[in-house]
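One structure is given below, represented as structure tokens, and several questions about it will come after.
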Amino acid sequence: MTLIKHEIKANLKTLLIWGLTVGGMNFLMMLIFPSVKEQMAGMVEMYANMGSFSQAFGMDKINFTTPLGFYGIEAGAVLSLGGSMFAAILGTGMLAKEEGALTAEFLFTTPHTRTYHIALKAVALGLLVLLFNLLAIGFGYGSFLAINETLEGNEFALYHLAQLCMHLQIAYLCFAVSAVLKRSAMGLGIGLAILLYFVQIFVNISDKVEFLKYFTPFYYSDAAEIFYSGELQLNLMFIGGITTILFLVFGFTYYRKKDLL
Amino acid sequence: MKVIETKNLTKYYGKSRGILDLNLDVEEGDIFGFIGPNGAGKSTTIRTLLGLISASSGEGTVFGMDIHTETKNILKRVGYMPGEANFYQSMRVRDMIKLSADLRKKDCQKKAASLCDRLQLDTNKKIEELSLGNKKKVSIVCALQHEPDLYILDEPTSGLDPLMQQEFFQLLKEENKRGATIFLSSHVLSEIQNYCKHAGIVKDGKLIMVNSVSEMSKSNTKRILIQGIDQLPALEGVVNLEQSKEGFQFLYQGNMPDLIERLQGLPIQNMNISDPTLEEIFLHFYQDK
């Protein structure tokens, strides 16, 4: 527990900066919804006919003149990208920072097994991602209250659940990758998150690369898909979960035997 | 009882040599100095004992426990000071010391306060504000506060001023008196000579000499100073010969009667025969073997 508390405390500033920025941006975006709602009504048909561009961002499936649709398109992009970057930064740093900052000799000479340390760090990572998502949900919920709009709770809950799973998947993928690194590689994590985001856009645009939806968690967490179908793509989430577990097993196995210099 | 025991302990980093067939025994209650220059294998040995790195081959035990499989139980009884004192930069000293104790699930407040007091360590400062010497003091407190049975200290005095070095060794003496075993690596040979009971010299990853410090100094090698002569007669066993205004100085490894016989009849004004310092023995090993 000491290590979990330590990690949460050490990353609190990062959590607040990212959580307040992403959540705040979403909140502000929703505040402008009442004033743009009328203008947007005329744009729905135009967007629906914009072909690939609309498909790329799911605007062919979602009605963004509704508050939830607007939330999914405008706020969704910020939460998806912002949250995945936050998760990637934390994930890549969680293990590798100990070697990079030369604190491994302090931490790993305390009387615990290497597995115990890795497990607690993984738990701390999960809790930080969860706290970030709770902040985002709080801001999202608050924004609906602020503009006096009814929140369709089921879709909202499914969407945020999918977002949480996506952020956790990216965090743990980066955590596993960081097991082989000598120092924190924030750029690598952010690069991976952006790459997976663009893979989802390609999948939306072209049927030829539809198989790539199994490789990017952005696909199953896309607001357009969830609001359109009203359900989660559990098969994709399951595959994502299994992939993440495999990566984690590799990360654990590698780091347990790693020479910490 | 042997607190540390290694048998043919070997570590390679890829193709690079770390340590080679290292056989080391450290007895309970000893203060053991581990001497060697940079890259000789001192830190590799220490990190292998602590489970930070895995040995390529060979065996090792600490308190009779295997260093490969019982690291957790070994670490419960060890206080470790790494060569470079690195901590979480944004933390305050008091929080860092508490974190170290909490990770050991021990309440060390009293001991920590006493150590901070003796080392004149300001616990309100952030780690990032500390000088190298003060970071070293934090490292000392973290290693000593839980009163372990074995101290493994990697060049512990680097960065400490002479007064603090003295205080540090005083603390170690007290811990040793309590029953703790101390294993320390150092470049500063006078420290080993002044404070250690036994010492081992490591060269190119191999332990080339282990003995009590007093025995090491009483080796056959003698430091000789002769004044009043212009030329030294030919002698076998002379090393590190230096000529200055004061006369001839050299390390002599030959028979003393031979030396006296050769010097007879020479206009010697003064002659001094003394035990060499550990530094001279160390340099001798490094230059000749």
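The values are calculated or read from the model by the stated rules, or taken from the named source; none is laboratory data. Here the structure is a predicted model, which means the values were calculated and not measured. Cβ sites come from the backbone with ideal geometry, for glycine too, and all protein chains shown count toward neighbours. Ligands, DNA and RNA are excluded from the accessible area calculation, which covers all protein heavy atoms including side chains. Shrake-Rupley method; radii C 1.70, N 1.55, O 1.52, S 1.80 Å.
Just for the stretch B:114-148: of the residues that are in contact with a Gly (Cβ under 7 Å, 6 or more places away or on another chain) and not in a loop (DSSP other than H, G, I, E, B), which one is farthest from B:Lys173 (Cα to Cα)?
Once the filter is applied, the top-ranked residue is B:Leu132.
Yes/no per residue for (1) assigned to a strand (DSSP E or B); (2) touching an Asp or Glu at 6+ places or on another chain (Cβ under 9 Å):
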| position | (1), (2) |
| --- | --- |
| B:Thr157 | no, yes |
| B:Leu160 | no, yes |
| B:Met164 | no, no |
| B:Glu167 | no, no |
| B:Lys173 | no, no |
| B:Ile182 | yes, yes |
| B:Ser185 | yes, yes |
| B:Val202 | yes, no |
| B:Leu207 | yes, yes |
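Quick check on the stretch B:129-152. Is at least one of its residues crowded, with 19+ Cβ neighbours inside 10 Å, within 20 Å of A:His6 (Cα to Cα) and free of Cβ contacts under 8 Å to residues at least 24 places away in the same chain?
For the stretch B:129-152, residues crowded, with 19+ Cβ neighbours inside 10 Å, within 20 Å of A:His6 (Cα to Cα) and free of Cβ contacts under 8 Å to residues at least 24 places away in the same chain: absent.
What residue, among those in the stretch A:100-118 that are open to solvent by less than 10 Å² (accessible area, probe 1.4 Å) and closer than 19 Å to B:Ser90 by Cβ, is nearest to the other protein chains (Cβ to nearest Cβ)?
Filtering the stretch A:100-118 for residues that are open to solvent by less than 10 Å² (accessible area, probe 1.4 Å) and closer than 19 Å to B:Ser90 by Cβ, the one nearest to the other protein chains (Cβ to nearest Cβ) comes out as A:Thr103.
State all residues of the stretch B:196-205 that are crowded, with 20+ Cβ neighbours inside 10 Å and farther than 17 Å from B:Lys42 by Cβ; if no residue qualifies, say none.
none
Kindly indicate whether B:Gly60 is more than 9 Å from chain A (Cβ to nearest Cβ), surrounded by 21 or more Cβ atoms within 10 Å (Cβ to Cβ) and either within 22 Å of the chain's Cα centre (by Cα) or at positive phi (or both).
yes
Does the stretch B:64-73 hold any residues that are open to solvent by less than 50 Å² (accessible area, probe 1.4 Å) and more than 9 Å from chain A (Cβ to nearest Cβ), and which are they?
Result: B:Met65, B:Asp66, B:Ile67.
Still on this structure, I have one more. Kindly indicate whether B:Ser54 is touching a Pro at 6+ places or on another chain (Cβ under 9 Å), open to solvent by 30 Å² or more (accessible area, probe 1.4 Å) and of a type outside the set (Phe, Trp, Tyr).
no
Note down all Cβ pairs under 7 Å where the first residue falls in the stretch A:60-83 and is outside any helix (DSSP H, G or I), the second is among the aromatic types (Phe, Trp, Tyr) and open to solvent by 20 Å² or more (accessible area, probe 1.4 Å), and they're at least six residues apart or on different chains.
These pairs meet every condition: A:Lys61/A:Tyr228; A:Ile62/A:Phe227; A:Ile62/A:Tyr228.
Starting from the stretch B:261-289, take each residue that is open to solvent by 70 Å² or more (accessible area, probe 1.4 Å) and list its partners that are modelled with pLDDT under 75 and outside any helix (DSSP H, G or I), counting only C-beta distances under 9 angstrom and pairs at least six apart or across chains.
B:Asp275/B:Lys218; B:Asp275/B:Ser219
Output the residues belonging to the stretch A:101-117 that are touching a Lys or Arg at 6+ places or on another chain (Cβ under 8 Å), among the β-branched types (Val, Ile, Thr) and closer than 16 Å to B:His68 by Cβ.
Within the stretch A:101-117, A:Thr113, A:Thr115 meet the criteria.
Another question, if that's okay. If B:Asp204 meets every condition in (1) touching a residue at least 60 places away in the same chain (Cβ under 8 Å); (2) closer than 30 Å to B:Leu171 by Cα apart from one, which number is that one?
(2)
Restricting attention to the stretch B:17-37, does a residue exist that is open to solvent by less than 40 Å² (accessible area, probe 1.4 Å), within 12 Å of chain A (Cβ to nearest Cβ) and not in a helix (DSSP H, G or I)?
Yes, there is a match, as at least one residue in the stretch B:17-37 is open to solvent by less than 40 Å² (accessible area, probe 1.4 Å), within 12 Å of chain A (Cβ to nearest Cβ) and not in a helix (DSSP H, G or I).
Restricting to the stretch B:87-98, name every residue that is without any contact (Cβ under 8 Å) to a residue 40 or more places away in the chain and either open to solvent by less than 10 Å² (accessible area, probe 1.4 Å) or more than 10 Å from every other protein chain (Cβ to nearest Cβ) (or both).
B:Arg92, B:Arg94
State all residues of the stretch B:165-191 that are over 15 Å from the mean Cα position of the chain (by Cα), open to solvent by less than 20 Å² (accessible area, probe 1.4 Å) and not charged (D, E, K, R); if no residue qualifies, say none.
B:Leu171, B:Ala180
Does any residue of the stretch B:43-50 turn out to be under 18 Å from B:Asp154 (Cα atoms), free of Cβ contacts under 8 Å to residues at least 24 places away in the same chain and in the same structural domain as B:Leu171 (by TED's automatic domain parsing)?
Within the stretch B:43-50, one or more residues are under 18 Å from B:Asp154 (Cα atoms), free of Cβ contacts under 8 Å to residues at least 24 places away in the same chain and in the same structural domain as B:Leu171 (by TED's automatic domain parsing).
Testing A:Met94 on (1) under 11 Å from the mean Cα position of the chain (by Cα); (2) farther than 30 Å from A:Leu151 by Cβ, one condition comes back false. Which one is that?
All conditions pass for A:Met94, except number (1).
Quick one: A:Leu181 ticks every box in (1) open to solvent by less than 10 Å² (accessible area, probe 1.4 Å); (2) away from chain B (no Cβ under 14 Å) bar one, so which box is it?
(1)
Any residue at all in the stretch B:74-86 that's within 12 Å of chain A (Cβ to nearest Cβ), open to solvent by 10 Å² or more (accessible area, probe 1.4 Å) and closer than 21 Å to B:Asp21 by Cβ?
No, every residue in the stretch B:74-86 fails to be within 12 Å of chain A (Cβ to nearest Cβ), open to solvent by 10 Å² or more (accessible area, probe 1.4 Å) and closer than 21 Å to B:Asp21 by Cβ.
Could you check how many residues of the stretch B:99-115 are over 28 Å from the mean Cα position of the chain (by Cα) and touching a residue at least 12 places away in the same chain (Cβ under 8 Å)?
Adding up the residues that qualify gives 1.
Being on the phi > 0 side of the Ramachandran plot and away from every other protein chain (no Cβ under 14 Å) narrows it down to one residue among A:Gly241, A:Gly251, A:Gly230; which is it?
Residue meeting the stated conditions: A:Gly230.
Does B:Gly79 meet the test of being in the same structural domain as B:Ala180 (by TED's automatic domain parsing), in contact with a Pro (Cβ under 8 Å, 6 or more places away or on another chain) and in a strand (DSSP E or B)?
Yes.
For the stretch A:120-127, check the following and say yes or no: at least one residue is within 21 Å of the chain's Cα centre (by Cα) and in a loop (DSSP other than H, G, I, E, B).
Checking the stretch A:120-127: not a single residue is within 21 Å of the chain's Cα centre (by Cα) and in a loop (DSSP other than H, G, I, E, B).
Does B:Leu9 satisfy the condition of being within 9 Å of chain A (Cβ to nearest Cβ), open to solvent by less than 10 Å² (accessible area, probe 1.4 Å) and in contact (Cβ under 8 Å) with a residue 40 or more places away in the chain?
Details: within 9 Å of chain A (Cβ to nearest Cβ): no; open to solvent by less than 10 Å² (accessible area, probe 1.4 Å): yes; in contact (Cβ under 8 Å) with a residue 40 or more places away in the chain: yes.
Considered against the rule, which asks whether it is within 9 Å of chain A (Cβ to nearest Cβ), open to solvent by less than 10 Å² (accessible area, probe 1.4 Å) and in contact (Cβ under 8 Å) with a residue 40 or more places away in the chain, B:Leu9 comes out as no.
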